[in-house]
Amino acid sequence: MTTDKSHTSDHGVEKQSVKPGDKPPPGTPITEKADNSIQQRLQEREAFKTFRLTRDPNNAFAIDMGNGSEVKDKRPMQKDEPPSSTINSGLSAALSKAELDKVPDTPIPTEAAIAYKIHNPLDHLRHPVGQELGKHTGEIQEATSRQFHPHEGKEDQFVDYAAARDALHLAHLDKYKLPENILGAILRNEQHFYKLTDAMQDDEIAKTGTVRLKNGKEDSYASIGPAQMQIRHIRRLIEEKDAHGDPKYPFLQHMKDDPIRAALDKKNAALLTGAYFADEIEKRHLKPNEVTAESLAYMYNPDVHSFGNPKQYVACEDKLSLNIQKILHKDLKDEQFPSSEVIKHSIHVQHVMSNLARIPKSKTDDDAKH
């Protein structure tokens, strides 16, 4: 390494030039073309304000945005989940001494950039230990999914398909020439994404009759039961009157004495779903040709958002993925109308249409299963 005394800083400190192939001293800006990949990674980290998955004192996951704010995901951690120190010690025990000897002195990164792949942050760990963990990522994801989505793989136990077909008729939806199992397919989708927090809310309803906020008031926006319908919609549909002052949906009136607890029943959930769609079609003034299996599926779970010019689409199946997209795209907008382009990008629509092939097509077949 040589020193070029013809270049000095404002403070009289000599600047050093580096020969090709020499390692620059610490703190030297990255300028060589060979280091472009490093520079790019640093720029990406700054651009996306690299955030970390942390644990808050309330035993919930949180995202540290790097600017002092947090986006929290209130899904509780499992009681038997070991702390990170236990995981690290177990990892060391799992690797042989020979394998550990191959590991360089560089410390294991404590955080990973997950702007691109939130489901697998280990992809960003290039350390040998990270690669060893990466081999088991699929198993980890599957176990995590089972913990956070307790009904996944057994959705049919929580859906009354016969009641869903009856609801299609009772709500006068059969005039739209819809698949007879469309309501059942939508309910099955709700069970696929049913979370631990949903189960906790349903347990609270079974005990107390509703879900309450910290101030004691009813949480009218809580989505509950097999239909995962908001409490405010359940009460409104049961209480709604027609032009003559009679109940608009008479097939829901058996629920009026204890409506929220009654909504936990899978048959009642199917009836509520039929009434909900009949109400929405009327309020949105949809034309008959606009009422399709795909449009109903999207109406129940509008998961597509758009950004940019020309417009680009992205689907967010949960609040966590939506919050990440809001960070990446400041002009992110909701897409409420189920256009053909929107439907094509919807995760929930794809799930519902796939569910249609899984459900028995006649009451005889369905009754035979039970």
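The values are calculated or read from the model by the stated rules, or taken from the named source; none is laboratory data. Worth saying up front: this structure is predicted, and the values here are computed from it rather than measured. All Cβ positions, even for glycine, are placed from backbone atoms using ideal geometry, and neighbour counts span all protein chains on display.
Here is a check on your reading of the model: is GLN228 modelled with pLDDT of 95 or more, surrounded by 14 or more Cβ atoms within 10 Å (Cβ to Cβ), on the phi > 0 side of the Ramachandran plot and not hydroxyl-bearing (Ser, Thr, Tyr)?
For GLN228, the condition - modelled with pLDDT of 95 or more, surrounded by 14 or more Cβ atoms within 10 Å (Cβ to Cβ), on the phi > 0 side of the Ramachandran plot and not hydroxyl-bearing (Ser, Thr, Tyr) - is met.
For the range 320-350, give me the residue count where each residue is assigned to a helix (DSSP H, G or I) and acidic (Asp, Glu).
1
May I ask you to say which residue of LEU296, LEU272 is under 22 Å from the mean Cα position of the chain (by Cα) and not in a loop (DSSP other than H, G, I, E, B)?
The match here is LEU296.
Among the residues that make up the range 248-258, is at least one of them touching a strand residue (DSSP E or B) at 6+ places or on another chain (Cβ under 8 Å), surrounded by fewer than 14 Cβ atoms within 10 Å (Cβ to Cβ), under 17 Å from LEU170 (Cα atoms) and of a type in the set (D, E, K, R)? Before the answer, list the steps.
To start, the set of residues in the range 248-258 that are touching a strand residue (DSSP E or B) at 6+ places or on another chain (Cβ under 8 Å) comprises 248, 253.
Pick out the ones that are also surrounded by fewer than 14 Cβ atoms within 10 Å (Cβ to Cβ) and you get 253.
Next cut, under 17 Å from LEU170 (Cα atoms) only: 253.
From what is left, the residues that are of a type in the set (D, E, K, R) are none.
Looking through the range 248-258, none of the residues is touching a strand residue (DSSP E or B) at 6+ places or on another chain (Cβ under 8 Å), surrounded by fewer than 14 Cβ atoms within 10 Å (Cβ to Cβ), under 17 Å from LEU170 (Cα atoms) and of a type in the set (D, E, K, R).
Taking interchain pairs and intrachain pairs at least six residues apart, which have beta carbon atoms under 6 angstrom, with the first residue in the range 196-207 and under 10 Å from LEU264 (Cβ atoms) and at pLDDT 95 or above and the second assigned to a helix (DSSP H, G or I) and not aromatic (Phe, Trp, Tyr)?
Cβ pairs passing all conditions: ILE205/ILE260; ILE205/ARG261.
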